[in-house]
Each structure stands twice: as structure tokens, then as C-alpha cells.
1. Please work out which residue is most open to solvent (accessible area, probe 1.4 Å), limiting yourself to region 82-100 and to residues that are within 21 Å of N31 (Cα to Cα) and in contact with a Gly (Cβ under 7 Å, 6 or more places away or on another chain).
2. Which condition does V43 not pass, out of (1) under 11 Å from Y85 (Cα atoms); (2) open to solvent by 60 Å² or more (accessible area, probe 1.4 Å), if it passes all the others?
3. Looking at V52, V34, V20 in this structure, which one is surrounded by 11 or more Cβ atoms within 10 Å (Cβ to Cβ), at negative phi and touching a Leu at 6+ places or on another chain (Cβ under 7 Å)?
4. Of all residues in region 44-74, count the ones that are within 14 Å of the chain's Cα centre (by Cα) and part of a helix (DSSP H, G or I).
5. Can you name the residue in region 68-81 that is in contact (Cβ under 8 Å) with a residue 12 or more places away in the chain and in contact with a strand residue (DSSP E or B) (Cβ under 8 Å, 6 or more places away or on another chain) and is also most open to solvent (accessible area, probe 1.4 Å) among such residues?
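The values are calculated or read from the model by the stated rules, or taken from the named source; none is laboratory data. Values in this document were obtained by computation on a predicted structure and should not be read as measured data. When we count neighbours, we look across all protein chains shown, and the Cβ atoms used for this are built from the backbone with ideal geometry, even at glycine. Accessible surface areas use protein heavy atoms only, side chains included; no ligands, DNA or RNA. Shrake-Rupley method; radii C 1.70, N 1.55, O 1.52, S 1.80 Å.
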Amino acid sequence: MARKLHKMEPIFIKKSSFAVIGKEGSTIDGNGFVETLWQSMNVDFDKIFRLVKTDEKGNTAGIWGLMSNFDRSLKPWTDFKDGLYLAGAEVELDVEPPTGWKKWIVPS
């Protein structure tokens, strides 16, 4: 039986500047580095759990996979194939990341 694929339409929203703490890697790390970052983030999530922003129901406010060029300006990867990736969770802007974690600030 063939699966029917559903077309997903993008949703565009305006969001104020926010911060994400997570595990950072790059295309230099080789194939599969994004999956490895997510695995590391999930295994170590308890180390940042108390820092993570939550909604009114106590749910995590945002889990983010962010991409940036190597100068961390959040521009597209070089030639759309080389750059950085951050697997993480949204935190308040003033939160400091624990040792071994990186924080990126995303402009509005």
C-alpha cells in the first residue's frame, strides 16, 4: 500500500529576539553530526532543564535546530553546505550556558 504524502505549508511568524542553549557542531565533524548533536542534547538535557523556558502549562517553550555560517551571524551555510548547527532549547536572554554547552542569540 502506497503512502500518501501531505504537503506542508510553511508558517511564518514574527518573534522577538530569543536565546537557545544547546550542543554545537559543524559540517567539519562529518556526516551524521546533526543526529549526534541531538542525541547528546537529549542525553544531557537534565543539565539544562532548570534553565529552559516554559509556557504557562510548564511545557518546554521551544526546541530549536539552528543553522549558521561559521562566523555565527546566522547567515546561510557557505555554499549551502558548510556551517554550524545548534541543537538546543529556548532560554531567557540573560541565561549563561553550563560548561560544554553553547548559547546563540537569535535576533527578532
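1. Initially, region 82-100 is screened for residues within 21 Å of N31 (Cα to Cα), giving 82-88.
Narrowing further to those that are in contact with a Gly (Cβ under 7 Å, 6 or more places away or on another chain): 85-88.
Details: Y85: 28, L86: 0, A87: 0, G88: 0 Å².
The qualifying residue most open to solvent (accessible area, probe 1.4 Å) is Y85.
2. (1)
3. The match here is V20.
4. 1
5. Across region 68-81, the extreme among qualifying residues is R72.
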